[in-house]
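K.L.:
Before anything else, here's the structure in question.
The values are calculated or read from the model by the stated rules, or taken from the named source; none is laboratory data. No experiment lies behind these values; they were computed from the predicted model shown. Here the Cβ positions follow ideal geometry from the backbone for every residue, glycine too, while neighbour counts run over all protein chains shown. The area values use the complete protein model at the heavy-atom level, side chains included, leaving out ligands, DNA and RNA. Shrake-Rupley method; radii C 1.70, N 1.55, O 1.52, S 1.80 Å.
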Amino acid sequence: MTIPMQSTQTRTSPKRSFGRAAGLAALALGFVGLACSATTETTASEAVDSEPAATVTHATVGELAPDFQLPDAHGTNHRLSNFRGRTVVLEWHNHDCPFVVKFYSVGAMQAMQREFTERGVVWLTINSSSPGTQGYVTAEGARELTTAREAAPTALLLDPDGIVGRMYDARTTPHMFVIDPAGRVVYDGAIDSIRSSNPQDIERAEPYLRNAVEAVLAGSAVEPSKTRPYGCSVKYAN
Amino acid sequence: MALSPCTAAPWALLACLALGASQESPSGTTASEVSSARGDGVWGNPAAQDLRAAPLVRARPVAAAEEIHPGEPLLLGVRLEIAPDWHVYWENPGDSGMPPRVDWELPDGVEIEGPFWPYPRRYAAGPLVSLGYSRAVTLGFRLRLSPEAAAGLEGVRLTLAAKVSWLACHDEKGCVPGESQVRWSAALGRGAVDPAAELPPELVEWERGLPRGDHGWEFALEGDPAPARGELNLLLRAPKALAEGERPLDFFPREEGRFQLASPPRFEPIAVDGPGEVWRMRMRLERGVEAPERVSGVLLIGVAPGQPPTAVLDLDTHPPAGADGTPNGDRESPLPEKP
């Protein structure tokens, strides 16, 4: 059932990614020998042979990620447990926040979204801003944002009640989580190591999120697995 | 990777044009008072655009004296005046945000210590808590000019410059980073410093808010009895009984990410100890985080949360040993010795 995305070499440098050919080859090998199908990212939730995670209500590194279902900007529902068998990235997001703008304005977030989704990772951008607060978007606004910024998540999910945000204790935008193919939280924290809103700091920061995804794809341990996220506060309802 | 928002949907065209018209140099090189973030149009942050004409934060220097005496410390503050309903952050910003920074350009022979932070207040929004300041705050620094460098400055004023940068946030409007340059200069002073010289009001206010190390309180982790799961207990021993109605009101930890700020500490009196008294402080740890071996932070003593505190204490369970053996002996107070 699981489709491990195994690297053919040990990662030594966190900086650069697989060549596209290697990534596609791994993807092809992964699909060969499938026993049961995994859902694609655009279909509505299908019944999938996954462990029930209904009792998990907090995100704890090393444990099963709390399951949730949220609509995307096109009205399609996505359930986290349907992505069991794939690496999942959760990106808490607020398009107005200068720490989010730091990554989007220079294309750094979009590049990671594109690169990792092409390698089979599921990337879910989540907006937990309450209606009336800064950063809240309607479905239409969300679609326009995605197009305008050439963002490439698997889906942009709308969580205006903040239920999923609170379950994950999402504090800031950005706040990143990585969930491994077994459904466990393996990273919770900052996107990188330099707390600033200056895009020039991206290159010299330790890329925590990138490194975490690479580690999961390579089957190695994520280190660090928990860091202090930085950014603007998530705008929950009071 | 080059991105072209101007190829986006038609609705974004206006925003795209706005973006093109207001291209800024990369953050860190502008001297403007307002946001240097990419805050226009399709990239968001309309708050930055609206408020471009009125800066959210103004920074200016405020010194204890107009002269600097070689070898003698001088208090020099950087005052941040903040637009209504916006706030900036303390050294531990809390669940989000970022503390302000002052990056000094110092000539040879000039040393500066700080910032010395006044105590913050809590800003709660939903389940999240920030620690910071609104309306105004002065960040204190202690400046020393060596006699050798002073000799080299014979007849010339000492001039210092700093880049001040901050993040200003509003509960509804979001956050806007900003920066500005401040410059300060002073003539060289002759003879002794006048100990009776009055501080300007901004520094009087700063001094009142400054955590004091010279308080004689003891502060220790309480291991026995063991605290409840997910909690940490500390003991506070006051050298003298508190006044009628006075009690510990709040504690702000310096360490980020250790304690749940959404659950303020709980205080309970547990014993009278000679002329003094002992209190227990219960803190909730962040989920999944271990108890620390050392706790450092700022304790407020007072009569009621809404009123100014009667004492602001700098506490550390493991203070660096001072030459005189006092707690926090090494964390020198920026204030002159009281006679």
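K.L.:
Report the percentage of all Cα-Cα pairs in the stretch B:107-222 whose separation exceeds 18 Å, rounded to a whole percent. Don't skip to the end; give the middle numbers.
P.N.:
Working: 4583 of 6670 pairs.
In whole percent, the long-distance tail amounts to 69.
K.L.:
What FRET efficiency, computed as 1/(1 + (r/R0)^6) with R0 = 41 Å and r the Cβ-Cβ distance, is obtained for A:Thr76 and A:Ala111, rounded to the nearest 0.05? Don't jump to the answer; show the numbers that get you there.
P.N.:
Working: r = 25 Å, r/R0 = 0.60.
Efficiency, from the Cβ-Cβ distance: 0.95.
K.L.:
Is there a quick way to get the dipole size of the stretch A:90-210? I mean about its Cα centre, with the Cβ of Lys and Arg at +1 and of Asp and Glu at -1; what is the value in debye to the nearest 20?
P.N.:
Numbers: 11 positive and 16 negative charges, 21 e Å.
Rounded to the nearest 20 debye, it is 100 debye.
K.L.:
Let me spell out the model: positive unit charges on the Cβ of Lys and Arg, negative unit charges on the Cβ of Asp and Glu, origin at the Cα centre of the stretch A:57-113. What dipole size does that give, in debye rounded to 20?
P.N.:
Working: 4 positive and 5 negative charges, 31 e Å.
Roughly 160 debye, rounded to the nearest 20.
K.L.:
Using Cα positions and a limit of under 12 Å, work out the aspartates and glutamates in reach of B:Lys173, with same-chain residues fewer than 8 apart set aside.
P.N.:
A:Asp96, B:Asp50, B:Asp85
K.L.:
Scan around A:Tyr187 for amide H atoms under 5 Å from its own, H built in the peptide plane at 1.01 Å from N, and keep only partners 5 or more places away or cross-chain.
P.N.:
HN-HN under 5 Å from A:Tyr187: A:Val178.
K.L.:
Please report the spacing between the Cα centers of the stretch A:200-238 and the stretch A:121-168 in Å, no decimals.
P.N.:
Taking the Cα centre of each part, the stretch A:200-238 and the stretch A:121-168 sit 18 Å apart.
K.L.:
Scan the stretch B:117-183 for trypsin sites (Lys or Arg not before Pro) in coil per DSSP, keeping those whose Cβ has at most 12 other Cβ atoms within 10 Å, and list them by number.
P.N.:
Details: sites: B:Arg121, B:Arg122, B:Arg135, B:Arg142, B:Arg144, B:Arg157, B:Lys163, B:Lys173, B:Arg183; in loops: B:Arg135, B:Arg157, B:Lys173.
In loop regions of the stretch B:117-183 (DSSP not H, G, I, E or B), the sparsely surrounded trypsin sites (Lys or Arg not before Pro) are B:Arg135, B:Arg157.
K.L.:
Taking just the alpha carbons, could you work out the radius of gyration and Dmax for the stretch B:80-167, both in angstroms?
P.N.:
When restricted to the Cα atoms of the stretch B:80-167, Rg and Dmax are 16.9, 57 Å.
K.L.:
How many partner chain Cβ atoms sit within 10 Å of a residue's Cβ in peptide A:143-152, on average, as a whole number? If you can, show how the numbers build up before the last one.
P.N.:
On the way: counts 1, 6, 6, 1, 7, 13, 7, 6, 0, 0.
Other-chain Cβ atoms within 10 Å of each residue's Cβ, averaged: 5.
K.L.:
Follow-up. Using protein chains only and a probe of 1.4 angstrom, how many square angstrom of A:Ser225 are accessible, to the nearest 10?
P.N.:
Solvent-accessible area, nearest 10 Å²: 40 Å².
K.L.:
Sequence gap at least 6, Cα distance under 8 Å: using those rules, report the relative contact order of the stretch B:139-281 to the nearest whole percent.
P.N.:
On the way: 138 pairs, mean separation 22.5, N = 143.
Once divided by the residue count of the stretch B:139-281, the mean separation gives 16 percent.
K.L.:
What are the principal axis extents of the Cα atoms in the stretch B:196-254, in Å, biggest first?
P.N.:
51, 26, 21
K.L.:
What is the distance, in nm, between label points placed 7 Å from the Cα along the Cα-to-Cβ direction at B:Glu231 and at B:Glu290?
P.N.:
Simple spin-label model gives 2.2 nm for this pair.
K.L.:
Based on alpha-carbon atoms only, what is the radius of gyration of the stretch A:55-94 relative to the globular estimate 2.2 N^0.38 Å?
P.N.:
Numbers: Rg = 11.3 Å, N = 40, 2.2 N^0.38 = 8.9 Å.
Relative to the 2.2 N^0.38 Å estimate, the stretch A:55-94 comes out at 1.26.
K.L.:
While we're looking at this one, here's another question. What number results when the radius of gyration of the stretch A:110-159, computed over Cα atoms, is divided by 2.2 N^0.38 Å?
P.N.:
Numbers: Rg = 11.6 Å, N = 50, 2.2 N^0.38 = 9.7 Å.
Against the empirical 2.2 N^0.38 Å value, I get 1.19 for the stretch A:110-159.
K.L.:
In sequence order, what are the phi-derived ³J(HN,Hα) couplings for the stretch B:215-226 according to the Karplus relation 6.51 cos²θ - 1.76 cosθ + 1.60 with θ = phi - 60°, rounded to whole Hz, with x for glycine and proline?
P.N.:
So the Karplus estimates, Gly and Pro as x, are 10, x, 6, 10, 9, 8, 5, 9, x, 9, x, 5 Hz.
K.L.:
Right, something else. Give the long-range amide H neighbours of B:Thr138: residues separated by 5 or more places, or on another chain, with amide H under 5 Å away, using H modelled in the peptide plane at 1.01 Å from N.
P.N.:
B:Leu80
K.L.:
Let me ask you something else. Considering every pair of different Cα atoms, what Kirkwood radius, in Å, is found for the stretch A:57-163? Write out the running numbers ahead of the final one.
P.N.:
Working: mean 1/r = 0.0698 Å⁻¹.
Kirkwood radius, the stretch A:57-163: 14.3 Å.
K.L.:
Quick one: 3J(HN,Hα) in Hz for the stretch B:87-99, Karplus 6.51/-1.76/1.60 with θ = phi - 60°, rounded, Gly and Pro as x.
P.N.:
9, 10, 10, 7, 4, 9, x, x, 6, 7, x, 7, x
K.L.:
Sort all Cα-Cα distances of the stretch B:251-311 into consecutive 5 angstrom bins from zero, then give the percent of pairs in each bin up to the one containing the longest distance.
P.N.:
Final binned percentages: 4, 14, 21, 24, 18, 12, 6, 1.
K.L.:
OK, next. About the Cα centre of the stretch A:144-190, how large is the charge dipole given +1 on each Lys and Arg Cβ and -1 on each Asp and Glu Cβ? Please answer in debye to the nearest 20.
P.N.:
Once rounded to the nearest 20, the dipole reads 100 debye.
K.L.:
Which value, in Å to one decimal place, does the Kirkwood hydrodynamic radius take for the stretch A:135-202 when every pair of different Cα atoms is included? Let's see the in-between values first.
P.N.:
Values: mean 1/r = 0.0701 Å⁻¹.
Value: 14.3 Å, from the Cα pair sum.
K.L.:
Taking the dipole about the Cα centre of the stretch A:158-238, with the C-beta of Lys and Arg at +1 and of Asp and Glu at -1, give me whichever of A:Ala190, A:Ile163, A:Ala237 is farthest to the positive side.
P.N.:
Projecting each Cα onto the dipole axis, the largest value belongs to A:Ala237.
K.L.:
Which whole-Hz couplings ³J(HN,Hα) result when phi for each residue of the stretch A:140-148 is put into the Karplus expression 6.51 cos²θ - 1.76 cosθ + 1.60, θ = phi - 60°, listed in order with x for Gly and Pro?
P.N.:
With the stated coefficients, the stretch A:140-148 comes to 5, x, 5, 4, 5, 4, 4, 5, 4 Hz.
K.L.:
Amide H to amide H under 5 Å from A:Val234: which residues, 5+ apart in sequence or cross-chain, H placed 1.01 Å off N in plane?
P.N.:
A:Thr172, A:Thr173
K.L.:
As an exercise, find the ratio Rg/Rh for the stretch A:162-233 from alpha-carbon atoms, using the Kirkwood inverse-distance average for Rh. Numbers along the way, then the final one.
P.N.:
Values: Rg = 12.5 Å, Rh = 12.7 Å.
Radius of gyration over Kirkwood radius for the stretch A:162-233 works out to 0.98.
K.L.:
Return the distance in nm (one decimal) between the two label points of a simple spin-label model at B:Val204 and B:Ala262, each offset 7 Å from Cα along Cα→Cβ.
P.N.:
4.2
K.L.:
Ok, one more. Find the accessible area per residue for the stretch A:95-157; the probe is 1.4 Å, ligands and nucleic acids are left out, and the unit is Å².
P.N.:
Numbers: 1520 Å² over 63 residues.
Counting only protein heavy atoms, the per-residue value for the stretch A:95-157 is 24 Å².
K.L.:
Can you give the extra length, in nm with one decimal, that the chain gains between B:Val278 and B:Arg247 once fully stretched, where that is 0.36 nm per residue apart less the Cα-Cα distance?
P.N.:
Values: separation 31, 0.36 × 31 = 11.16 nm, distance 1.10 nm.
Extra length from B:Val278 to B:Arg247 when fully extended: 10.1 nm.
K.L.:
If you take each beta carbon of peptide B:165-178 and count the beta carbons of other chains within 10 angstrom, what is the mean?
P.N.:
Values: counts 3, 0, 7, 0, 5, 1, 5, 5, 4, 12, 11, 4, 7, 1.
The per-residue average across the peptide is 5.
K.L.:
Another question, if that's okay. Going toward the positive end of the dipole of the stretch B:111-183, with +1 on Lys and Arg Cβ and -1 on Asp and Glu Cβ, which of B:Val129, B:Gly178, B:Gly140 do you reach last?
P.N.:
B:Val129
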